[in-house]
Each structure stands twice: as C-alpha cells, then as structure tokens.
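The next block holds one structure in the form of structure tokens; read it before the comments.
The values are calculated or read from the model by the stated rules, or taken from the named source; none is laboratory data. The model shown is predicted, which means the values in this text are computed figures rather than measured ones. Because the Cβ atoms are built from the backbone with ideal geometry, glycine has one as well, and the counts that use them run over all protein chains shown. What goes into the accessible areas is simple: the full protein's heavy atoms, side chains included, and nothing from ligands, DNA or RNA. Shrake-Rupley method; radii C 1.70, N 1.55, O 1.52, S 1.80 Å.
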Amino acid sequence: MTLDDFLQMVKARRPLDTPDVYRFMDEMSDEARRLTFALNSSYHSQDEINELLGRLFGRPVGKGFKMFPPFYTDFGKNTHIGDNVFINDCCHFQDHGGVYIGDCCQIGHSVVMATLNHGLKADERRTMAPAPIVLGRNVWVGSNATILQGVTVGDNAVIAAGAVVTRDVPADTVVAGVPARAVRHI
C-alpha cells in the first residue's frame, strides 16, 4: 500500500480493516514517532519546528504558523495547516482521516483531534472508520477540548475549554460542554 492509496481510501471513508492497511499504519506510525520524538526532545527555533512539521505532514505548514511543542501524532501525513495558525503545547492529532485547519485558527493546550472511530461491538472494534475534522477560518479551540471524527467547525466559531465536540459547529457559534452544545451566537 502506498500513501496515495491510503489517502484515497480514507477520503472515500472506507473501513480500515485489512492486514495491508494495518501494516501500512504501523509503518507510518513509526515514522511519525521518529519525527515527533525529534521535535519534542529538545529546543528548536520556529523555523526548525516548521521544517520538522513539513517532513511530518509531507507538505509545508502555512505562512505565519507558530507552534509550542510538544506535539503528538500517530500518522502526520493527513494534517493540513492554513496560514497564521497557532497551536499550543501538548496537542494530539490522530489525523488518519484528515485534519484541516483553516487560516488564522488558534488551538489551545492539550487539544485532541481524533479522526478514527471503531465499531461498538467487541468483534467490530479492530475495524476503524475514518472521517475528517475540518476547522474553518478564525476558529478558536480552547484548552483540553476534544474534536471527534467527521466534525466540521464553521468560520469564527469558538470551542470552549474542555468541550467534547461530536457534531458540526455552525459559523459564529460558541459551543461548550460534554457533549458540546451551542451556548451563544457571536
């Protein structure tokens, strides 16, 4: 399996449940861990961070990007970063299904983005279902928020600290809670 084969598979939201898919995911996880260990093991200038993340993501980060490591991912090759994005420390991106961060987004401490889910029944749990997470422009994600697979967050929305986002968030809306619910229009 190639990276392009895998990305086409997740774009079509096909189940990830074959030996060749598992083997590919293990190989990619090893590469991602090598790069994140290098990123997280010592101080790096922002230019060095951007270079390491470009290798991890397989493409350059956007202009004006800034991150405070540590940063964690178990894949890396399906994260897409817009311009003028800030990501604070200790974030975890499970990006197999795709993480798309629009221009001018701010991501708080310890945010989790999880683009895979598993079947509920015990015999279905090895099968993974990918779906992307998409953040529009100017989205602010508060510390310790979790965004689950398949969620799209509209432009200018705010995800409150600690929220668990399980469904789409309209533009210009603040959501909070577990599960997250709209609490205010801005």
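In table form, for the structure just shown:
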{"read-out": "Selected residue (criterion: least open to solvent (accessible area, probe 1.4 Å)) from residues of the range 101-112 that are under 16 Å from THR152 (Cβ atoms) and touching an Asp or Glu at 6+ places or on another chain (Cβ under 9 Å)", "value": "GLY102"}
{"read-out": "Any pair with Cβ under 8 angstrom, 6 or more apart, that starts in the range 41-52 at a residue that is at pLDDT 95 or above and ends at one that is surrounded by fewer than 16 Cβ atoms within 10 Å (Cβ to Cβ) and not charged (D, E, K, R)", "value": "ASN50/PRO60; LEU52/ALA38"}
{"read-out": "Some residue of the range 73-89 being touching a helix residue (DSSP H, G or I) at 6+ places or on another chain (Cβ under 6 Å), within 29 Å of PRO15 (Cα to Cα) and of a type in the set (Val, Ile, Thr)", "value": "yes"}
{"read-out": "Any pair with Cβ under 6 angstrom, 6 or more apart, that starts in the range 164-186 at a residue that is over 14 Å from ILE147 (Cβ atoms) and ends at one that is basic (Lys, Arg) and open to solvent by 40 Å² or more (accessible area, probe 1.4 Å)", "value": "VAL174/ARG184"}
{"read-out": "Test: residue in the range 155-174 that is farther than 30 Å from PRO60 by Cα and of a type outside the set (Val, Ile, Thr)", "value": "no"}
{"read-out": "Residue within the range 60-76 that is of a type in the set (D, E, K, R), open to solvent by 40 Å² or more (accessible area, probe 1.4 Å) and closer than 20 Å to HIS109 by Cβ present", "value": "yes"}
{"read-out": "Every residue from the range 143-162 that is hydroxyl-bearing (Ser, Thr, Tyr) and under 20 Å from PRO130 (Cα atoms)", "value": "THR146, THR152"}
{"read-out": "Any hit, the range 170-178, residues being among the hydrophobic types (A, V, I, L, M, F, W, C) and either within 18 Å of the chain's Cα centre (by Cα) or under 27 Å from PHE24 (Cβ atoms) (or both)", "value": "no"}
{"read-out": "Qualifying residue in the range 153-167 (condition: open to solvent by 50 Å² or more (accessible area, probe 1.4 Å), assigned to a loop (DSSP other than H, G, I, E, B) and in contact with a strand residue (DSSP E or B) (Cβ under 6 Å, 6 or more places away or on another chain))", "value": "yes"}
{"read-out": "In the range 90-100, residue farthest from PHE37 (Cα to Cα) [restricted to those that are open to solvent by less than 40 Å² (accessible area, probe 1.4 Å) and in contact with a Phe, Trp or Tyr (Cβ under 8 Å, 6 or more places away or on another chain)]", "value": "VAL99"}
